[in-house]
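Chemist: Pasting a structure below so you can have a look.
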Amino acid sequence: MTKKKQVLVELGKEELLEKMWAADPVIKQMLINSENLEKARDHFFIYLNELERSYFDIYTDKPYLGMHPVEKNIAKECIRVLKNVIRTENEVLTKGSALKHLYKIANKRKGAFNAVEPGFLSEFLYLFRGIHGDLKLPEKVDLLEASGRKAGEERSRQLDKYSGFLMKHYNRMKSGLDQSSIRYQQKMKHKILDYFQATEEDWKDYQWHLKHVIKDLKTLQSLVTLDSEEIEGLKLAIQFDIPFHITPYYLSLFSQSGRSRHDKGIRAMVMPSVTYCHNVNENRLKKTDMDFMGEKSTSPIDAVTRRYPQIVILKPFDTCPQICVYCQRNWEIKNINEATVTRSKINKAIKWIKNDPYVTEVLITGGDPLTLKNETILEIVKAVAAIDHVERIRIGTRTLITLPFRWDQELIDTLAKFNEYGRREVCIITHFEYAMEITPDILEVIGRIRKAGMSIYNQEVFTYYNSKKFETAFLRRMMKLSGVDPYYTFNTKGKAETIDFRVPMARIQQERKEEARLQSGIVRTDEPVFNVPKLGKTHLRAWQDHEPVMIKQSGERIYRFYPWESRIAIVDDYLYTDIPIYDYLKRLHEDGEDIRKYRSIWYYF
């Protein structure tokens with residue numbers, strides 16, 4: 001019987017080290033032969049420069065002459081990253097030195113090997129392979145060898161293969177529109193109604209849902225099975241006074257019998273984990289500021305945030321019917337029964353917008369503004385629409401998903417009357433995270449909003465729970481078919497307390513290149529972005545906007561970000577410490593995922 005080949009995360013640390021040095025024995029010998037760290041650095045740069053030059057030299061006698069341009073291109077990128085990592089400038093900037101660790105390990109200094117984690121060794125294993133173009137890509141596609149009809153037929157067969165690969169993954173996934181999902185949601189709905197002694201009429205009344213938002217463990221346990229880890233997390237949330245809200249509607253998407261493959265992410269989004277609760281509590285005890293985006297420093301007046309030239313955020317309300325655990329504003333979100341609307345504060349904020357002619361767009365969000373009554377929303381939107389220089393009003397809300405019955409016809413008509421073609425746009429911004437969230441109820445609401453002339457845009461937060469292969473592609477497909485336009489895909493904020501949700505930046509780049517790219521351009525309209533604190537979104541597809549500058553002992557990459565305005569003004573850079581790719585792959589492996597499907601992740605920088 002053939003022994004199954006071990007995957008990366010199953011290898012011992014010593015074996016990883018052996019593979020790392022085997023990937024480039026010259027580097028190991030060079031480090032050993034160097035009398036000190038600075039000599040090692042000099043030799044390393046000379047070696048990389050010669051290697052790089054051989055890739056550009058068409059007359060080279062090195063074995064890289066026959067290397068494929070794709071392999072050469074990635075090899076050049078790996079060389080660039082390695083040069084960044086061994087620069088003294090970046091060591092000073094990041095207060096660390098990966099080269100020092102490599103030097104000590106090569107020279108078998110005491111404690112050197114124990115000082116680094118498998119993630120560190122893995123990064124250099126793939127970089128050392130990468131600088132030689134040893135990428136282990138699955139196949140070579142020759143597009144230029146044939147011509148004419150034959151070439152067209154061959155290319156069509158290759159494209160069928162790509163499309164079939166995509167559809168094969170689609171077929172393994174479920175949306176809330178599948179008949180089995182609809183039946184199950186109906187079953188859960190009736191259980192919830194029975195528990196609250198409510199009627200079908202109550203179910204369609206959003207006020208009933210608001211009155212019965214689930215925010216205690218006893219009610220939740222009476223309706224769905226929770227495992228010990230979920231129970232412990234909820235107990236800690238109550239103990240540490242960390243608010244959690246789940247609408248009865250959203251609870252109907254839960255698997256009644258316990259956490260499953262299809263509702264794992266849905267549960268994680270609304271039930272604080274043990275790690276999250278301990279981290280939030282520790283931050284509070286240490287008085288650590290959890291305002292990751294620096295909104296206090298980008299607020300020119302209460303209830304307003306401004307990070308861009310033409311758009312501002314207006315926050316009239318500081319809670320939501322349902323609280324997302326990964327929320328960037330978790331530091332200011334309150335329990336639903338504690339939240340208030342301060343009219344004078346809102347009026348002053350709107351007056352401030354009116355007095356600034358350079359603001360042309362207002363995002364009304366919070367919290368979730370649609371927790372408020374129609375009259376209050378009308379009052380706010382009407383006041384903003386009365387400002388001559390405002391040409392777009394966005395309503396940022398997740399009620400479309402968590403409380404679809406909130407979208408009564410009165411609300412839709414109220415918003416639509418301010419949507420004037422050629423004069424002003426009113427649009428909806430929401431957060432679909434999983435295809436299971438797209439249900440018949442939500443489809444009906446989307447239809448009415450679209451018929452009223454308003455567009456709906458989605459800003460997906462790319463988390464661990466929707467980062468598996470083709471999950472985001474499937475969500476994209478279902479959203480577009482349902483009338484929602486993908487707009488942004490956000491790299492999860494680097495908040496320490498939300499570590500459960502974080503994904504290496506390389507994964508969102510990989511998704512864009514290897515999964516989204518197989519979809520039609522009209523479907524993959526979202527742009528992957530990173531939100532730089534205080535400064536705003538930076539696109540992740542451009543080297544000019546960010547670069548890896550260091551690899552920490554645990555395998556975390558440190559990136560240097562150059563803000564969106566860095567080509568029009570001298571703006572401070574920002575350092576971001578990512579989570580280790582190795583740790584992410586290990587977690588996927590433990591969850592039963594085949595991590596060989598992610599093998600190219602190491603080469604996204």
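Chemist: Checking the a/c ratio against 1.5 first, then a/b against b/c, what shape does the Cα gyration tensor give for the stretch 1-137?
Modeler: Cα axes put the stretch 1-137 in the oblate bin.
Chemist: Right, next: Over 21 Å between Cα atoms: which of K315/K348; K19/K104; K39/K104; K13/K104; K286/K345; K189/K215 fall into that group?
Modeler: K286/K345
Chemist: What's the lysine pair count for the stretch 465-605 at a Cα cut-off below 14 Å, pairs eight or more apart or interchain?
Modeler: Taking the stretch 465-605 as the scope, the lysine pair count is 8.
Chemist: At a temperature of 4 °C and a viscosity of 1.567 mPa s, determine how fast the stretch 295-541 diffuses translationally according to Stokes-Einstein, using the Kirkwood radius over alpha-carbon pairs as Rh; express D in µm²/s, rounded to the nearest whole number.
Modeler: After rounding, the answer is 69 µm²/s.
Chemist: Dipole of the chain, Cα-centred, from +1 at each Lys and Arg C-beta and -1 at each Asp and Glu C-beta, to the nearest 20 debye?
Modeler: 580
Chemist: Shifting gears a bit: Computed FRET efficiency, Cβ-Cβ of S228 and Y59, R0 60 Å: what is it to the nearest 0.05?
Modeler: 0.35
Chemist: So, one more: If I take every Cα pair under 8 Å that is 6 or more residues apart in the stretch 311-424, average their sequence separation and divide by the length, what percent do I get for the relative contact order?
Modeler: RCO, the stretch 311-424: 31 percent.
Chemist: Let me ask something else about it. Counting other beta carbons within 10 Å of each residue's own, what order do Y195, Y574 fall into, fewest first?
Modeler: Y195, Y574
Chemist: From the mean inverse distance of alpha carbon pairs (Kirkwood) and the Cα radius of gyration, derive Rg over Rh for the stretch 147-292.
Modeler: A ratio of 1.19.
Chemist: When the helices in the chain are scored as -39500 (n - 2.57) per DSSP H run of 4 or longer and the sum is shared across all residues, what 222 nm value do you end up with, to the nearest 500 deg cm²/dmol?
Modeler: Calculated mean residue ellipticity at 222 nm is -13000 deg cm²/dmol.
Chemist: Which stretch or stretches of the stretch 68-110 have amide N atoms under 19 Å from the point lying 7 Å from S554's Cα along the Cα→Cβ direction?
Modeler: Zone members listed by number: 94-99, 101-102.
Chemist: Contour minus end-to-end for K597 and R541, with contour as 0.36 nm per residue of separation and end-to-end as the Cα-Cα distance?
Modeler: 18.1 nm
Chemist: Run through all the Cα pairs of the chain and give the fraction in each 10 Å bin from 0, expressed as whole percent.
Modeler: Here the calculated profile for the chain is 3, 14, 24, 25, 18, 11, 5, 1, 0.
Chemist: When L8, L378 are ordered from fewest to most other Cβ atoms inside 10 Å of their Cβ, what list results?
Modeler: In order of increasing Cβ crowding within 10 Å: L378, L8.
Chemist: Expressed as a whole number of Å, what is the distance separating the alpha-carbon centroids of the stretch 310-327 and the stretch 201-226?
Modeler: 22
Chemist: If you find the alpha carbon centre of the stretch 518-538 and of the stretch 79-125, how far apart are they in angstrom?
Modeler: 32
Chemist: Moving on. Using only Cα atoms, tell me the angle between helix 13-23 and the longest principal axis of the chain; keep it within 0 to 90° and round to the nearest 10.
Modeler: For 13-23 against the chain, the angle is about 60 degrees.
Chemist: Then there is this: How would you rank V461, V92, V484, going from fewest to most other Cβ atoms within 10 Å of each one's own Cβ?
Modeler: Listed from fewest to most nearby Cβ atoms, that is V92, V461, V484.
Chemist: Show which aspartates and glutamates lie in cross-link reach of K373 when reach means a straight Cα distance below 18 angstrom and same-chain residues fewer than eight apart are skipped.
Modeler: Filter leaves D202, D205, D318, E338, D408, E410, D413.
Chemist: To the nearest Å, what is the center-to-center distance of the stretch 15-35 and the stretch 356-421, using C-alpha atoms only?
Modeler: So the two Cα centres are separated by 60 Å.
Chemist: Moving to a separate point now. Counting DSSP beta bridges in the chain, what percent are antiparallel, to the nearest 5?
Modeler: Once the DSSP bridges in the chain are tallied, antiparallel ones form about 40 percent.
Chemist: How high is the relative contact order of the chain, in percent, counting Cα pairs under 8 Å that sit 6 or more residues apart?
Modeler: Dividing the mean separation by the residue count of the chain yields 14 percent.
Chemist: Could you work out the relative contact order of the stretch 295-541? I mean the mean sequence separation of Cα pairs under 8 Å and 6+ apart, divided by the number of residues, in percent.
Modeler: That works out to 15 percent.
Chemist: From a point 7 Å beyond the Cα of K5 in the direction of its Cβ, which residues of the stretch 566-604 have a backbone N at a distance under 12 Å?
Modeler: Of the residues in the stretch 566-604, 596-597 have backbone N under 12 Å from the label point off K5.
Chemist: Once fully extended, how much extra length lies between A496 and N49, figured as 0.36 nm per residue of separation less the alpha-carbon to alpha-carbon distance?
Modeler: 157.1 nm
Chemist: Under the classification rounded if a/c is under 1.5, otherwise prolate if a/b is larger than b/c and oblate if not, where does the stretch 96-202 fall, given a ≥ b ≥ c as square roots of the Cα gyration tensor eigenvalues?
Modeler: Because a/c hits 1.5 or more and a/b fails to exceed b/c, the stretch 96-202 counts as oblate.
Chemist: Rounded to whole Å and sorted largest first, what semi-axes of the equivalent ellipsoid does the C-alpha gyration tensor of the stretch 457-597 yield via the square root of 5 times each eigenvalue?
Modeler: For the stretch 457-597, the semi-axes come out at 24, 21, 12 Å.
Chemist: Which is farthest toward the positive dipole end of the chain among N49, Y562, I350, measuring Cα position about the Cα centre, with Cβ charges +1 (Lys, Arg) and -1 (Asp, Glu)?
Modeler: Looking along the dipole axis, the top candidate is N49.
Where a number appears in this text, it was derived from the coordinates with a stated rule and is not lab data. Small disclaimer: the values here were computed from a predicted structure and weren't measured. Virtual Cβ from ideal backbone geometry, glycine too; neighbours counted across all protein chains shown.
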